[in-house]
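See structure below.
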Amino acid sequence: MKNFWRPFAAWVTELKNDPFTRARLKLTALTTLSILIVFLVAHLTLLKSNLTPLNFYLLIVICIATASFLISAKTLSPIIQIMRAQKRFISDASHELRTPLAIMKTNSEVALLSGDQISPQEATSTLKSNLEEVDRMSKIIENLLALSYYDNKFKEIPFQQINLSKVVINIVKDTENLARKKNIHLRLLNTDPGIIMGNPVAIEQMAINLIKNAVTYTLEGGLVSISVTARIATLEFKVKDTGIGIEKKDLPNVFNPFYKAGLGRIQLERESSGLGLTIVKKIVDRHHGSIYINSAIQKGTTIIVTLPRAQAEIGN
């Protein structure tokens, strides 16, 4: 019996997640409804007027064509937006990968032109620069794969019970060396106990991205505060920094792939793949949570992720 219903379950899942399937069904339903309405109106009009059968059918054709055009335009609008976003994403990804390749090409050409005159120090510097760009490309590719994985609603990711505070504590310990190099104070304010249902790898990546992001955009001598606060039905993970901040006009776009927020962040963004917050948003969405961001230039940024607690824990 399970095998009998499986194709129908797959179809329902596709209907729920695939915008093309939804648009196709929506277009069919609306077109059918419009045809019925047109026939009804035309029939009533024919009864009250002296229209000839030819004019009657011509009126029906015109009405159906007009209704179909308007319905298809409205139905296909979300798909057009998705396709435009996809084209923009591909263009941005190509640009991000092209930049390190161009740097490596320039470095290599300069080294080759120098020939035997290049010093060991210059050769070492060139190799180090190229390795940094290779690392940057690898990071971009890894994040692109992660983004594709978490964005695929057809692919189920395994969930289990996770102690969020424990995950955060371990990440803070691992990030201390990075913060120390920049003379940034990393402060863990509180870690309330609490269990969520989630994917361990995804939750860890979400926390790493937010904490490292805060350290990256906080200048020397700054402060990054981290906390996990238990609410009745949720856990609140907060990362607050005293960094360079984000302009108000940029806040609605910070979760878009490769978005560059403000000229003051461009130099620091060389350390980033430009996909960190995008991946965080996808992970939070897959865990039925929410994310809030507040920021002010030269004052810092606060990001709050709210995740539902495990039902068994709430019941207790």
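The numbers here are math on the coordinates, done by the rules we state, and not lab data. On a predicted model such as this, the values are computed, not experimentally measured, just so you know. FYI the Cβ positions are ideal-geometry reconstructions off the backbone, even for glycines, and counts take in every protein chain you see.
Brief remarks follow.
- Kirkwood Rh and Cα Rg combined as Rg/Rh, region 160-315: 0.96
- Segments 293-305, 128-140 sorted - mean Cβ within 10 Å per residue, highest first: 293-305, 128-140
- Net +/- balance of residues flanking residue 229 in space, Cβ distance below 13 Å, scoring K and R +1, D and E -1: +2
- For residue 195, distant residues with modelled amide H under 5 Å away: 310
- Intensity falloff of region 159-205 expressed as log10 I(q)/I(0), Debye formula with alpha-carbon point scatterers, at q = 0.15 Å⁻¹: -0.45
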